[in-house]
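Sharing a structure here in structure tokens format.
The values are calculated or read from the model by the stated rules, or taken from the named source; none is laboratory data. Being a predicted model, the structure only gives us computed values, none of them experimental. Note that we place each Cβ from the backbone using ideal geometry, even for glycine, and neighbour counts take in every protein chain shown.
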Amino acid sequence: MRNKKLIGTGVAIVTPFNKNGKVDVNALTKIVKHLHEGQVDYIVVLGTTGESVTLSVEEKQLVISTVIKVNNNKLPLVLGIGGNNTSEVIDQIKKTNLSPFEAILSVAPYYNKPNQEGYYLHYKAISKATKKDIILYNVPGRTGSNVTWETQVRIAKDFKNIVATKEASGNIEQIMKVIKHKPDDFMVISGDDNLTLPIIAAGGIGVISVVAQAFPKEYSQMVRFCLKGDFIKAKNIHYKIMDITDQLFLDGNPGGIKFALSLLKKCDSYVRLPLSEPNKKVKDELKRLVKNYK
């Protein structure tokens with residue numbers, strides 16, 4: 001059975017910081033409420049967009065507890081737990097109270113550059129460590145290597161609690177091959193905002209989005225149109241928001257989305273080193289696009 005709570009628009013939320021570099025709980029509260037009002041389908045906590053790799057254990061717990069409290073069971077939650085040390089990922093999974101979460105989002109190991117068997121065995125080990133649903137996350141642009149469609153399908157067939165893949169390879173042909181060969185109950189989730197429409201048209205079931213954090217109502221409506229097969233209405237929203245999405249990623253994520261959120265008065269634009277804010281050209285274009293967005 002598909003996990004229907006993962007169908008539609010998930011949003012990978014940022015971790016807002018104040019000028020002193022601390023987690024901004026008030027801004028995080030504001031963002032979660034903004035997503036409620038925008039009627040997104042679920043929230044992803046401590047993903048890449050949440051700058052999880054630069055947060056301390058205590059800060060991660062602060063983010064988790066804040067989101068759980070503000071969310072108040074209104075939306076399903078997904079928790080990012082991943083890394084390039086398999087035993088450490090397993091240890092973190094076993095030490096974390098996963099009861100508030102619908103699923104785990106676990107990024108493919110980065111830097112090590114495993115071969116395909118290494119990827120398979122990594123996810124096999126994670127699958128055995130928990131009964132919680134798991135979303136595989138393939139993002140070669142960040143990890144340095146690709147989980148092939150054959151390996152993703154093999155994982156989908158062999159491990160029943162790995163219920164979905166967040167596919168951010170940008171390779172439509174690869175994504176279509178996953179969709180063609182996967183088990184019927186395995187779900188393909190877009191990991192690229194500007195490819196969500198064609199991925200759903202090909203058989204995907206939604207997106208884990210960045211841009212929907214700024215424009216949750218419009219973007220989640222676009223996804224709903226896609227899932228209903230109304231691609232004419234979906235296309236209108238897709239092309240309306242596409243230029244903004246391009247700018248968000250042009251000089252680094254989450255710098256772009258944080259700057260957009262600052263324009264919308266949701267949080268400050270501070271990011272943590274080694275990240276820095278987008279360059280002036282990107283900021284100026286985002287100012288223009290957000291101001292003119294209607």
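The conditions are (1) farther than 17 Å from residue 116 by Cα; (2) touching an Asp or Glu at 6+ places or on another chain (Cβ under 7 Å), and residue 178 fails exactly one of them. Which is it?
Exception for residue 178: condition (1).
Here's a follow-up. So in the stretch 183-229, with the set limited to residues that are within 16 Å of the chain's Cα centre (by Cα) and of a type in the set (Phe, Trp, Tyr), which one is surrounded by the fewest Cβ atoms within 10 Å (Cβ to Cβ)?
The extreme case among them is 215.
Within the stretch 85-111, track down each residue that is surrounded by 15 or more Cβ atoms within 10 Å (Cβ to Cβ) and assigned to a loop (DSSP other than H, G, I, E, B).
96, 98, 100, 101, 102, 108, 109, 110
Considering only the stretch 3-21, I want to know if a residue exists there that is touching an Asp or Glu at 6+ places or on another chain (Cβ under 7 Å), closer than 23 Å to residue 149 by Cβ, modelled with pLDDT of 95 or more and part of a strand (DSSP E or B).
Yes, the stretch 3-21 contains a residue that is touching an Asp or Glu at 6+ places or on another chain (Cβ under 7 Å), closer than 23 Å to residue 149 by Cβ, modelled with pLDDT of 95 or more and part of a strand (DSSP E or B).
Another question, then. Scan the stretch 16-27 residue by residue and report those that are over 14 Å from residue 262 (Cβ atoms) and in contact (Cβ under 8 Å) with a residue 40 or more places away in the chain.
Those that are over 14 Å from residue 262 (Cβ atoms) and in contact (Cβ under 8 Å) with a residue 40 or more places away in the chain: 21, 23, 25.
Assigned to a loop (DSSP other than H, G, I, E, B) and within 13 Å of the chain's Cα centre (by Cα) - does that describe any residue in the stretch 49-69?
yes
Taking the residues in the stretch 230-267 that are assigned to a loop (DSSP other than H, G, I, E, B) and in contact with a Lys or Arg (Cβ under 7 Å, 6 or more places away or on another chain) as candidates, determine which candidate is farthest from residue 25 (Cα to Cα).
Residue satisfying both the conditions and the ranking: 266.
Please go through (1) of a type outside the set (Val, Ile, Thr); (2) in contact (Cβ under 8 Å) with a residue 60 or more places away in the chain; (3) assigned to a loop (DSSP other than H, G, I, E, B) for residue 166 and return the number of the only condition it doesn't satisfy.
Tallying (1) of a type outside the set (Val, Ile, Thr); (2) in contact (Cβ under 8 Å) with a residue 60 or more places away in the chain; (3) assigned to a loop (DSSP other than H, G, I, E, B), residue 166 fails exactly one: (3).
Go through the stretch 8-51 residue by residue and tally those that are over 17 Å from residue 213 (Cα atoms) and in contact with a helix residue (DSSP H, G or I) (Cβ under 9 Å, 6 or more places away or on another chain).
The number of residues fulfilling the criteria is 3.
Can you find, within the stretch 33-48, the residue that is surrounded by the fewest Cβ atoms within 10 Å (Cβ to Cβ) among those that are of a type outside the set (Val, Ile, Thr) and in a helix (DSSP H, G or I)?
That would be 37.
Taking the condition surrounded by 18 or more Cβ atoms within 10 Å (Cβ to Cβ) and either of a type outside the set (Asp, Glu) or touching a residue at least 40 places away in the same chain (Cβ under 8 Å) (or both), does residue 123 pass?
Taking the combined requirement at face value, the residue satisfies it.
Checking residue 180 against (1) surrounded by fewer than 19 Cβ atoms within 10 Å (Cβ to Cβ); (2) in contact with a helix residue (DSSP H, G or I) (Cβ under 6 Å, 6 or more places away or on another chain): exactly one of these is not met. Which one?
(2)
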